[in-house]
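Trainee: This is the structure I have questions about; it appears just below.
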Amino acid sequence: DSTTDPGMQSSPQQPNSQPPRQGSSAVKIILIIVAVIVCLGIAVVGVVGYGFYRVSKAVHKDLTTGKVTIDTPNGTISAISDAKLTEADLGTAIYPGAEQAKGSAKLNFGAGPMVTGVFLTSDPKEKVIAFYKEQLGSGATDMESGDSALLMVTKANSESINITISQRASQFDGKTHITILHSTPNSK
């Protein structure tokens, strides 16, 4: 016989009020961090995409001539790569018999046009150096070092001509490599 005291009736157990579990707050923090990273990633993609959009609107290429034009806040820059160059473009004579090679370009900056001509010849470096020293005259500066030479002249109107001449057995099938850089300031 078991009797129970009415004051001692069993009541359903009350849940203990415990602080929230550590696991659920850690998950919330991780989710917040992931959300912030995703939002930052979306912002970066948007900024980069806008940058590409702006560049695509500023750069234009003529498919028939190969001329590239870039519009900038300070003016337009245009370039023609591997264009057939003349002596007028280069400000000096093209070495007799030299063939134009890849890497030649005409650039037009706000400050003035710049032309780079690249040529190859079978003649020895010394003969090419002598030719260009005569072409540039006594006002030219020349520096020779090993297998290359640099000839420079600046004219009264700030027009400049720089010619690099090099010959290495391991490059260009041993041919002499000539690079002419001609820059002319815009007259204001």
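Trainee: Out of (1) outside any helix (DSSP H, G or I); (2) surrounded by 11 or more Cβ atoms within 10 Å (Cβ to Cβ), what's the single condition that is false for Phe131?
Mentor: (1)
Trainee: Continuing with the same structure: Would you check if Ala101 is surrounded by 15 or more Cβ atoms within 10 Å (Cβ to Cβ), of a type in the set (Gly, Ala, Ser) and out of contact with any His (no Cβ under 9 Å at 6 or more places or on another chain)? Walk me through how you get there before you give the answer.
Mentor: On the way: surrounded by 15 or more Cβ atoms within 10 Å (Cβ to Cβ): yes; of a type in the set (Gly, Ala, Ser): yes; out of contact with any His (no Cβ under 9 Å at 6 or more places or on another chain): no.
No.
Trainee: Could you check the stretch 157-188 and list, in sequence order, the residues that are farther than 23 Å from Ala140 by Cβ and of a type outside the set (Lys, Arg)? I'd like the intermediate steps shown before the answer.
Mentor: First pass over the stretch 157-188, keeping only residues farther than 23 Å from Ala140 by Cβ: 168-175, 186-188.
Scanning the stretch 157-188 gives Ala169, Ser170, Gln171, Phe172, Asp173, Gly174, Asn186, Ser187.
Trainee: Shifting gears a bit: Quick check on my filter: what residues within the stretch 163-175 are in a strand (DSSP E or B) and in contact (Cβ under 8 Å) with a residue 24 or more places away in the chain? It would help to see each step written out before you state the result.
Mentor: Just the residues of the stretch 163-175 that are in a strand (DSSP E or B), to begin with: 163-167.
Those that are in a strand (DSSP E or B) and in contact (Cβ under 8 Å) with a residue 24 or more places away in the chain: Ile163, Ile165, Ser166, Gln167.
For (1) assigned to a loop (DSSP other than H, G, I, E, B); (2) touching a His at 6+ places or on another chain (Cβ under 7 Å), each residue gets a yes or a no:
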residue	(1), (2)
Leu107	no, no
Ala149	no, no
Ser158	yes, no
Ile161	no, yes
His177	no, no
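Trainee: Follow-up. Report whether or not Glu87 is over 16 Å from Glu159 (Cβ atoms) and open to solvent by 80 Å² or more (accessible area, probe 1.4 Å). Step through it out loud before you land on a result.
Mentor: Values: over 16 Å from Glu159 (Cβ atoms): no; open to solvent by 80 Å² or more (accessible area, probe 1.4 Å): yes.
No; evaluated as a whole, the condition is false for this residue.
Trainee: Sticking with this one: Just the residues that are of a type in the set (Val, Ile, Thr) and at pLDDT 80 or above, please, taken from the stretch 61-108. Let's see the steps before the verdict.
Mentor: Initial filter on the stretch 61-108 (of a type in the set (Val, Ile, Thr)): 64-65, 68-70, 72, 76-77, 80, 86, 92, 94.
Selection gives Thr86, Thr92, Ile94.
The values are calculated or read from the model by the stated rules, or taken from the named source; none is laboratory data. Being a predicted model, the structure only gives us computed values, none of them experimental. Cβ sites come from the backbone with ideal geometry, for glycine too, and all protein chains shown count toward neighbours. We work out accessible area using only protein heavy atoms, side chains counted, and drop any ligands, DNA or RNA first. Shrake-Rupley method; radii C 1.70, N 1.55, O 1.52, S 1.80 Å.
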